[in-house]
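Visitor: Sharing a structure below in structure tokens format, with a few things to ask.
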Amino acid sequence: GNSVTQMEGPVTLSEEAFLTINCTYTATGYPSLFWYVQYPGEGLQLLLKATKADDKGSNKGFEATYRKETTSFHLEKGSVQVSDSAVYFCALSNDYKLSFGAGTTVTVRA
Amino acid sequence: NAGVTQTPKFRVLKTGQSMTLLCAQDMNHEYMYWYRQDPGMGLRLIHYSVGEGTTAKGEVPDGYNVSRLKKQNFLLGLESAAPSQTSVYFCASSPPGQGEETQYFGPGTRLLVL
């Protein structure tokens, strides 16, 4: 079946630090891959996505590249801000449905 | 546009009580979903619908029922609540032809079953 494994948190960083959250997946076929973000007290929002191998998704300074050979979709940001504090979920799609990782809590300190 | 809205925001139930969670979307989306979010487990799909009048089971459907009588509404029912159903419930919807793509989430309903 389909599954997503992402780096456990929590992750605490200082402002302007580099952020990486690892995500690997197991899937049949060729899924699309996503990163969703959940700010405190809110629902999930799509952060970025990639629909095929070697695609790079990017948004708000975050990037992730669909790596079929390593079945990975790691999230990166070069310089985080306090406003990036949130829970980040990696997900893949299969037949109308999303499978989510457990989520990684990121806290950025000023 | 209000997007995806959920009612209520918070509810406390006693074991054995019943309740219905309402999800409404004003974006004319075909697909709608109910998830539960538990610590350390991400979101798990309970039930989903690919159109008005249709529903299907997700990953964790036991103890829940759903109905999609109108395109804009997706109801999640708990007939006899159990403490294991204490969770945060999220509804989501996605546009026609993009069932695998972007899902738009509501703000969540926090449910506590005593």
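Visitor: Please go through segment A:35-50 and pick out each residue that is more than 8 Å from chain B (Cβ to nearest Cβ) and polar (S, T, N, Q).
Guide: Within segment A:35-50, just A:Q38 meets the criteria.
Visitor: Follow-up. Which ones in segment B:27-44 are in contact with a strand residue (DSSP E or B) (Cβ under 8 Å, 6 or more places away or on another chain) and in contact (Cβ under 8 Å) with a residue 40 or more places away in the chain?
Guide: First, the residues of segment B:27-44 that are in contact with a strand residue (DSSP E or B) (Cβ under 8 Å, 6 or more places away or on another chain): B:27, B:29-38, B:42-44.
If the condition is that a residue be in contact with a strand residue (DSSP E or B) (Cβ under 8 Å, 6 or more places away or on another chain) and in contact (Cβ under 8 Å) with a residue 40 or more places away in the chain, then B:M27, B:H29, B:E30, B:Y31, B:M32, B:Y33, B:W34, B:Y35, B:R36, B:Q37, B:D38, B:L43 are the ones that fit.
Visitor: Just wondering, is there one or more residues in segment A:85-103 that are more than 22 Å from B:Y48 (Cα to Cα), among the aromatic types (F, W, Y) and more than 14 Å from chain B (Cβ to nearest Cβ)?
Guide: Taking segment A:85-103 first, the residues more than 22 Å from B:Y48 (Cα to Cα) are A:85-88.
With among the aromatic types (F, W, Y) added as a condition, the list becomes A:88.
Now drop any that are not more than 14 Å from chain B (Cβ to nearest Cβ), which leaves none.
The answer is no, given that none of the residues of segment A:85-103 is more than 22 Å from B:Y48 (Cα to Cα), among the aromatic types (F, W, Y) and more than 14 Å from chain B (Cβ to nearest Cβ).
Visitor: Another question about this same structure. Restricting attention to segment A:63-95, which residues are out of contact with any Leu (no Cβ under 6 Å at 6 or more places or on another chain) and β-branched (V, I, T)?
Guide: Passing the criteria: A:T65, A:T70, A:T71, A:V82, A:V87.
Visitor: If you scan segment A:1-43, which residues turn out to be within 17 Å of B:R44 (Cα to Cα), in contact (Cβ under 8 Å) with a residue 40 or more places away in the chain and buried (at least 16 other Cβ atoms within 10 Å of the Cβ)?
Guide: A:N2, A:V4, A:Q6, A:Y25, A:A27, A:L33, A:F34, A:W35, A:Y36, A:V37, A:Q38
Visitor: Something else: Quick one: which residue in A:T28, A:T71 is within 14 Å of chain B (Cβ to nearest Cβ) and of a type in the set (S, T, Y)?
Guide: None of the others qualify; the one that does is A:T28.
Visitor: Criterion first (closer than 30 Å to B:T5 by Cβ, at pLDDT below 95 and over 12 Å from the mean Cα position of the chain (by Cα)) does A:G29 satisfy it?
Guide: The answer is no for A:G29.
The values are calculated or read from the model by the stated rules, or taken from the named source; none is laboratory data. All values derive from a computational prediction rather than experimental measurement. With ideal geometry, Cβ positions are generated from the backbone for all residues, glycine too; neighbour counts draw on all protein chains shown.
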